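These notes are about the structure you will find just below.
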Amino acid sequence: MLKIAVGVLGFICVFATVAVAQQGIDTVPFEQGQQLYEDNCTLCHQDSGAGDPPTFPALSGDDQLGDLALVVSNIRQGRGSMPPFPDLTADDVSSLATYIRNAWANNFGHVTTEEVEAVWEGLEDVGQVASIWDGVFTEAQAQRGQTAYSGACGMCHGRRLNGAPDDPDMRSTPPLARARFLRVWEGKSLATLFEYSRATMPESNPGSLTDDEFVDVIAYMLSVGGMRAGDAELRPDLSSLARIVIGQQP
């Protein structure tokens with residue numbers, strides 16, 4: 001069954017690439033953009049581009065994608081519940097924009113690196129990007145996060161944050177710390193983690209935690225994962241969280 005599913009997915013990808021080529025779109029940046037989309041966007045917008053409205057809007061059939069400046073600025077700086085992606089290069093954004101503007105039911109044309117850079121010239125500087133290993137939270141914040149986690153998250157994700165619930169009759173859940181967590185979230189920012197968690201967790205009552213509690217829980221997750229504490233707390237601000245990238249220890 002798995003081999004059949006993979007085969008069907010491969011056929012769909014080949015079919016999409018052929019269709020794009022027939023539209024006069026260069027298939028190389030399209031395929032690069034598809035990989036970037038899978039790495040950064042499917043969590044919220046789904047493989048199909050259908051999203052999960054109204055929290056995560058659909059990209060398939062979205063006429064707003066015809067506005068290139070809007071697309072590029074949203075990827076760079078974020079918009080609404082969408083976090084910014086300041087670590088993506090102009091080449092990355094041109095490929096990603098080419099993909100989402102021409103995948104599924106969309107047909108808005110190729111995007112060049114020069115067009116992306118022209119839009120960037122009118123945007124504010126996003127600042128330097130940091131790592132979760134750079135001491136981005138405090139010990140006090142992690143301690144507050146432990147309290148919030150115990151009350152809202154521990155029953156499903158387990159006391160060790162490994163996705164093994166305390167109740168053996170409950171289904172397992174995604175791990176929130178250590179190697180397995182890092183593999184899943186590799187390359188994504190804390191802004192993506194924060195916004196996704198805020199919109200979907202706790203599963204039984206999404207949004208029941210405050211923004212401060214969510215960011216405190218993230219600090220606790222990092223602490224359990226072995227990241228060192230620093231002198232400044234994480235703030236529940238998408239622009240600052242977007243500049244902190246999740247990844248393996250350097």
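The values are calculated or read from the model by the stated rules, or taken from the named source; none is laboratory data. Remember, it's a predicted structure, so these values are computed and weren't measured experimentally. Cβ coordinates were reconstructed from backbone atoms using ideal geometry, including for glycine residues, and neighbour counts include every protein chain displayed.
Numbers for the structure displayed
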quantity	calculated
Residue within region 143-158 that is among the charged types (D, E, K, R), exposed (fewer than 15 other Cβ atoms within 10 Å of the Cβ) and either outside the structural domain of G80 (by TED's automatic domain parsing) or touching a Ser or Thr at 6+ places or on another chain (Cβ under 9 Å) (or both) present	no
Among the residues listed as E114, E124, the single one being acidic (D, E) and modelled with pLDDT of 95 or more	E114
Out of T55, T42, T27, sole residue that is out of contact with any Pro (no Cβ under 8 Å at 6 or more places or on another chain), over 19 Å from G80 (Cβ atoms) and either modelled with pLDDT of 55 or more or surrounded by 13 or more Cβ atoms within 10 Å (Cβ to Cβ) (or both)	T27
Only listed residue being modelled with pLDDT of 95 or more, over 23 Å from Q248 (Cβ atoms) and either of a type outside the set (V, I, T) or touching a strand residue (DSSP E or B) at 6+ places or on another chain (Cβ under 8 Å) (or both), chosen from A152, A105, A140	A140
One residue from S204, S223 being more than 17 Å from F137 (Cβ to Cβ), more than 17 Å from the chain's Cα centre (by Cα) and not basic (K, R)	S204
Test: residue in region 176-184 that is touching a residue at least 40 places away in the same chain (Cβ under 8 Å), outside any loop (DSSP other than H, G, I, E, B) and surrounded by fewer than 15 Cβ atoms within 10 Å (Cβ to Cβ)	no
Elements of type helices (runs of 4 or more DSSP H) contained in region 44-158, each with 2 or more residues being hydroxyl-bearing (S, T, Y) and within 17 Å of S197 (Cα to Cα)	139-152
Those residues of region 212-244 which are farther than 20 Å from L161 by Cα and not in a loop (DSSP other than H, G, I, E, B), in sequence order	L238, S239, S240, L241, I244
Verdict on Y196 being surrounded by 21 or more Cβ atoms within 10 Å (Cβ to Cβ) and either at pLDDT 95 or above or not assigned by TED's automatic domain parsing to the domain that holds G78 (or both)	no
